[in-house]
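Shown next, in structure tokens, is the structure this report addresses.
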Amino acid sequence: GQQLNQSPQSMFIQEGEDVSMNCTSSSIFNTWLWYKQEPGEGPVLLIALYKAGELTSNGRLTAQFGITRKDSFLNISASIPSDVGIYFCAGQKGGGTSYGKLTFGQGTILTVHP
Amino acid sequence: DVKVTQSSRYLVKRTGEKVFLECVQDMDHENMFWYRQDPGLGLRLIYFSYDVKMKEKGDIPEGYSVSREKKERFSLILESASTNQTSMYLCASSIDEKLFFGSGTQLSVL
């Protein structure tokens, strides 16, 4: 099955720095989602995007749905130690019987040094 | 809050054994999923179910089967475990496109 290309694979940053990660695909998705996974837990939904060009924020997190519908990015501003984890992008091609059938990126491992 | 509970946190099995991974959700969601997580590969969909007794193959169904006898319970079955099935297994239920995951079962097949 297809995978999304997520980059970077890992990031080591200082507390207070901003973080950017992105996801690209060769095909179109109708919905983009960003998840965070903390050690020992399952992924938790951070942001969902539904329209091309949409820019959505959740606290210090901002995500955008690319105009071409083939990409998305996530920014984290002023990082803090609890931002540590693995961040996944995910795309869904349609609705209805496609609900929950997500294609995931490889993940970005974020480490924040105090 | 939605709660998705996976019965085992860690499992160690031998090659050839039949393995059952159990998952229960408490939010009356119709949709349930099994994903597999491997480093560098992200999450990949194994099987999913939109209703009781209904199942559909995901992207990597080979070597797996599922059972959904009750709405709240979705089981993943490895008929004859192999070493390449050593992985983290994540169960999820969903409202629309929003997946709610369990904490995962780390399966090691020796």
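Here, each number is a calculation from the coordinates, and none is a lab measurement. Because the structure is predicted, anything quoted here is derived from the model rather than measured. Backbone-built Cβ (ideal geometry, glycine too); neighbour counts: all protein chains shown.
In chain B, Cα pairs under 8 Å separated by at least six residues give a relative contact order of 36 percent.
Counting neighbouring Cβ atoms within 10 Å and putting the fewest first, the residues B:32, B:54, A:21 line up as B:54, A:21, B:32.
Per residue, the convex hull spanned by the Cα atoms of the protein assembly as shown measures out at 114 cubic angstrom. In plain terms, the residue of B:64, A:87, A:50 with the fewest other Cβ atoms within 10 Å comes first and the most crowded comes last, giving A:50, B:64, A:87. If you bin all the Cα-Cα distances of chain A at 10 Å, starting from zero, the percentages per bin are 15, 48, 30, 7, 0.
Using a simple spin-label model with pseudo-atoms 7 Å out from Cα toward Cβ, residue B:60 and residue B:26 lie 3.1 nm apart. In this simple spin-label approximation, residue A:45 and residue B:82 carry label points 7 Å from Cα along the Cα→Cβ vector, and these lie 3.5 nm apart. Put the Cα centre of segment A:62-89 next to the Cα centre of segment A:5-33 and the gap is 5 Å. Here the peptides A:70-77, A:28-35, B:9-16 are ranked by packing, the mean other Cβ count within 10 Å, and the order with the highest first is A:28-35, A:70-77, B:9-16.
When the convex hull of its Cα atoms is viewed from all sides, segment A:51-114 shows a mean projected area of 5.1 nm².
Annotation for segment B:44-110: trypsin sites (Lys or Arg not before Pro) lying in DSSP loop with at most 12 further Cβ atoms inside 10 Å of their Cβ are B:53.
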